[in-house]
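Participant: Encoded as structure tokens, here's the structure I'll be asking about.
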Amino acid sequence: RLVDEHLHELHEHFISKSIETHMYCSQWFLTIFTAKFPLNITFQIMDMFLCEGVSIEFQIALSLLKLTQHDLMSLDFEGILNYFRVNLPKRFCNEEECRNLFKTAQSYSNKITQRKLKKLEKDYQLFLEHQAQLEDPVVRMERENKQLQETVLRLQRENDDLAGELVSSKVALRADMDKLEERIDILSKECRAQKSSSDAANLFIHELKEELQEAKETYQRAMIQLAEERQQHEVAVSEYKQLFQQLDEGHQKQKEELNQELLEVKVHNAHL
């Protein structure tokens, strides 16, 4: 009813190709879309399912059909089933398609509500009761038995498919885990090597710091010694200057005395 109401053209195409609803959506509803779709979608669907209830499953299912309607309209019976099984899950690995999916589902939130689903369920029960009243009990039991047998066979096939996928997933997961363990081992060795190199570098830096400290102390001692030697040199220079001045004054005095004596000698000689 919902597919007919919202996607009538696609519904007619499914009827023409003998595609029944349970052929593609039973696994969606039974697993809440976790069996085929990527984790980024299933996580969001599970969150929405816990918050909003079962109606979100119908909104997502209709959104999937609406977004893939163009592709489905061009396929036959086998092509449609194969598309639902393989192509459709791969298509929604794309982030842009994921956003379109949830945006489309949001547009159905006011159209597909719990009240609407309850009404459809009630209508379907009345339809079944009416059909049961009109139908011969033996025929009805045979039909129901046949449906049950088909359902069991279908579920067995789906279970086999899921089992095969589970085995493949386990094998792939084991291979991935082996690769990760190998990578972790390599990284651990690199980390240990880096740590050893880091320890050696830290030791070298520590030794350089000690040498630098020793050099600073030696420089400070040398500067203090130079300052003391400079002070001593300045004192010595000052003493030499004083001594030179004293000698110069003595020489000057001696020169004056000699000049005086020479003058006296000249005067004395002049009188003679």
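Participant: Rounding to the nearest 20 debye, state how big the charge dipole of the chain is about its Cα centre with +1 on each Lys and Arg Cβ and -1 on each Asp and Glu Cβ.
Facilitator: On the way: 35 positive and 48 negative charges, 284 e Å.
Roughly 1360 debye for the chain.
Participant: Now, a different point. Could you give the size of the charge dipole of the range 156-207 about its Cα centre, using +1 on the Cβ of each K and R and -1 on the Cβ of each D and E, expressed in debye and rounded to the nearest 20? Before the final figure, lay out each step's value.
Facilitator: Numbers: 8 positive and 12 negative charges, 36 e Å.
Dipole size: approximately 180 debye.
Participant: Specify the inter-centroid distance of the range 56-75 and the range 4-19, based on alpha-carbon positions, in whole Å.
Facilitator: Taking the Cα centre of each part, the range 56-75 and the range 4-19 sit 11 Å apart.
Participant: Could you tell me the relative contact order of the chain? Use alpha-carbon pairs under 8 Å, at least six residues apart, and round to a whole percent.
Facilitator: This gives 14 percent for the chain.
Participant: Sort ASP160, ASP185 by accessible area with a 1.4 Å probe, largest first. Could the numbers behind the result be given before it?
Facilitator: On the way: ASP160 100, ASP185 70 Å².
The ranking, largest first, comes out as ASP160, ASP185.
Participant: Still on this model: For the range 8-161, state the semi-axes of the equivalent ellipsoid (square roots of 5 times the eigenvalues of the alpha-carbon gyration tensor), sorted largest first and rounded to whole angstrom.
Facilitator: Details: eigenvalues 161, 80, 50 Å².
Equivalent ellipsoid of the range 8-161: 28, 20, 16 Å, largest first.
Participant: Given +1 on the Cβ of Lys and Arg, -1 on the Cβ of Asp and Glu, and no further charges, what dipole in debye does the range 176-272 carry about its Cα centre, rounded to the nearest 20? Walk me through the intermediate numbers first.
Facilitator: Values: 13 positive and 22 negative charges, 53 e Å.
The dipole magnitude comes to about 260 debye.
Participant: For the cross-link pairs LYS241/LYS266; LYS36/LYS103; LYS17/LYS66; LYS90/LYS116; LYS36/LYS111, which exceed 29 Å when the distance is taken from alpha carbon to alpha carbon? Could you put the intermediate results ahead of the total?
Facilitator: On the way: LYS241/LYS266 37 Å; LYS36/LYS103 20 Å; LYS17/LYS66 18 Å; LYS90/LYS116 31 Å; LYS36/LYS111 26 Å.
Violating the 29 Å limit, Cα to Cα: LYS241/LYS266; LYS90/LYS116.
Participant: A further question on this structure: Among GLN220, SER74, ILE184, whose Cα lies farthest out toward the positive end of the dipole of the chain, if unit charges sit on the beta carbon of Lys, Arg (+1) and Asp, Glu (-1)?
Facilitator: Towards the positive end, the residue furthest out is SER74.
Participant: Put +1 on the Cβ of each Lys and Arg and -1 on the Cβ of each Asp and Glu in the chain; which of LEU50, GLN194, GLN242 then has its Cα farthest toward the positive end of the dipole?
Facilitator: After comparing all options, I get LEU50.
Participant: Order of 236-248, 107-119 by packing, highest average Cβ count within 10 Å first?
Facilitator: Details: 236-248: 10.0, 107-119: 13.5.
Going from most to least packed, we get 107-119, 236-248.
Participant: Using all alpha carbons of the chain, what is the percent of pairwise distances in each 10 Å bin, ordered from the shortest bin to the longest?
Facilitator: With 10 Å bins starting at 0, P(r) equals 5, 15, 18, 11, 6, 5, 5, 5, 4, 4, 4, 4, 4, 3, 3, 2, 1, 0, 0.
Participant: Under the definition of Cα pairs under 8 Å and six or more residues apart, what whole-number percent is the relative contact order of the range 1-100?
Facilitator: On the way: 55 pairs, mean separation 31.7, N = 100.
32 percent.
Participant: For labels at ASP176 and PHE77 in the simple 7 Å Cα→Cβ model, what's the distance in nm?
Facilitator: 3.7 nm
Participant: So, one more: Which Cα, out of LEU153, LEU203, VAL138, lies furthest along the positive dipole direction of the range 95-243 (beta carbon charges, K/R +1, D/E -1)?
Facilitator: VAL138
Participant: Over the Cα atoms of the range 75-200, Rg to Rh with Kirkwood Rh, two decimal places? Present the calculation step by step, with values, prior to reporting the outcome.
Facilitator: Values: Rg = 26.6 Å, Rh = 21.3 Å.
My calculation of the ratio gives 1.25.
Participant: Right, next: Distance between the C-alpha centers of the range 147-161 and the range 182-216? Whole Å please.
Facilitator: So the separation of the two Cα centres works out to 64 Å.
Participant: Just to confirm the number: angle between the C-alpha axis of helix 22-31 and the first principal axis of the chain, 0 to 90 degrees, nearest 10?
Facilitator: In the chain, helix 22-31 runs at an angle near 50 degrees to the longest axis.
The values are calculated or read from the model by the stated rules, or taken from the named source; none is laboratory data. All values reported here derive from a predicted model rather than from experimental measurement. For neighbour counting, all protein chains shown are included, and Cβ atoms are generated from backbone atoms with ideal geometry for every residue, glycine included. Surface areas here come from the heavy atoms of the whole protein model, side chains and all, with no ligands, DNA or RNA. Shrake-Rupley method; radii C 1.70, N 1.55, O 1.52, S 1.80 Å.
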